[in-house]
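Some notes on the structure that comes next.
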Amino acid sequence: MGHNHNHVHIHKHEVEGKNLVYSILLNLLITIAQIVGGIISGSLALISDALHNFSDVLSLVFSLIAHKLSRRKASINNTFGYKRAELIAAFINAITLIIVALFLVYEASSRLFHPEPIKSGLVIWLAILGIIVNGGSVLLLKKDSEHNLNMKSAYLHLLTDMMASVAVLVGGLLMKFYGWFWVDSLMTLLIAFYLIYVSYDLIKSATKMLMLFTPDFIDIKEIVREVHKIKGVNKLHHIHVWHLNDEELHLEAHLDCSHDIKMSEFNDLLHEVEHVLFDQFHINHINIQPEFNKEDPKDFIVQD
C-alpha cells in the first residue's frame, strides 16, 4: 500500500546552546554564594533561593544535553533522531520545580510561627547579586524561549529565580528596618507557590506533546472541511495530528480519492493538500495514504 510522504520546509529559529553554558556558569556562582550566605545569616529564604538556583544548574545542564542530543542525525535505529529529548528535558525540569516548591513549603511552614534572628545585611547583598546574575541569564535565554519548549523551561527556572531574589531582597529590607523576621518564611512560601504556578502550564504542554495529543490550536474538523474543498478529494479520514517537537507538526491520514487516478495525478492532488495544510494550519510534515473505494473505516478518528 503506497504512502506519499513530504516535508514542507519552513524557516526555523536557531537556538543558541552556548547561552545555556553561560547561564550554567552564572548560576553556579550565585548558588555557592547563597548557600554560604544563607548558612552564615540563618536565612531560610536565602537557602531556599540557593536550592532553587542549584535545581536550575541541574536543569540547565539537562537542557544543554537535550539540546545537543536533539541536533544529532537520524539513523536506522533512531529514525527520528533525538528530537524529543528536549520535550523530556522540559517535562523533568518542570517536575523538579514542583519538588523544590513543595520542599520550600514544608520548611517555611515550620518556621513561620517560630521565626529566628537573621543577619539581614548579608541577605540584602546576596539578593541583589542574585537579581543581577539571574537577570543576565534571563536576557540570554529570552529569545530562544519563544521558539523552544526546552529553552522555555530553562528560561522559566531562571525567571522564577530572579523573582525569588527580588522577594528575598524585600524580605531582607523589612527585617533590617523593622525586625520582622517572620517575613523570611513568608517570602519563602510566596516563592514556592509561584514556582508551582509557573510549572503547571509547562508540565501540561510537555505532557500533551509527549502523549501525541492534537495541539490545542488545531481543529481537525476544520482541516477536513478545507481539504474536502479540493477537487478530486472524496474523504480525508484516519487522521492523526501531533507535535514531534516544537518545530515539527505532523499529520498522517488516509485520503480517499473521488476517482481512480494515476499516481502522477495523485502527486498534483497531494501538492494542493500540502499547501492547504501548511498555509492554513502550519503543518509542515505530511504523510498521506492514497485510496480509492477501499473497504476500511472512514471515520475521521479511527481507534487502531
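The values are calculated or read from the model by the stated rules, or taken from the named source; none is laboratory data. Because the structure is predicted, anything quoted here is derived from the model rather than measured. Neighbour counts are summed over all protein chains in view; Cβ atoms, including those assigned to glycine, are modelled from backbone coordinates with ideal geometry. Calculation scope for accessible area: heavy atoms of the full protein, side chains included, ligands and nucleic acids excluded. Shrake-Rupley method; radii C 1.70, N 1.55, O 1.52, S 1.80 Å.
The table for this structure:
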item	result
Members of the range 121-144 that are in contact (Cβ under 8 Å) with a residue 40 or more places away in the chain and among the aliphatic types (A, V, I, L, M)	LEU122, VAL123, ILE124, LEU126, ALA127, ILE128, LEU129, VAL133, LEU140, LEU141
Any chance GLY2 is at pLDDT 75 or above and not acidic (Asp, Glu)	no
Members of the range 22-40 that are closer than 23 Å to SER63 by Cα and open to solvent by 90 Å² or more (accessible area, probe 1.4 Å)	TYR22, LEU25, LEU29, ILE32
Residue satisfying condition, being of a type outside the set (A, V, I, L, M, F, W, C) and either under 16 Å from the mean Cα position of the chain (by Cα) or at pLDDT below 80 (or both), within set LYS83, LYS73	LYS83
So SER205, is it modelled with pLDDT under 90, closer than 30 Å to TYR106 by Cβ and open to solvent by 10 Å² or more (accessible area, probe 1.4 Å)	yes
Residue among SER153, SER165 that is in contact (Cβ under 8 Å) with a residue 12 or more places away in the chain, in contact with a helix residue (DSSP H, G or I) (Cβ under 8 Å, 6 or more places away or on another chain) and under 16 Å from SER43 (Cα atoms)	SER165
Test for ASP296: is it within 36 Å of the chain's Cα centre (by Cα) and over 21 Å from ASN148 (Cβ atoms)	no
Single residue of the range 208-219 satisfying the filter (open to solvent by 40 Å² or more (accessible area, probe 1.4 Å) and assigned to a helix (DSSP H, G or I)) that is nearest to ALA85 (Cα to Cα)	LEU210
Close pairs (6 angstrom Cβ cut-off, 6 or more residues apart or separate chains): within 18 Å of ILE39 (Cα to Cα) in the range 109-120, surrounded by fewer than 16 Cβ atoms within 10 Å (Cβ to Cβ) and not small (Gly, Ala, Ser) anywhere	SER120/LYS176
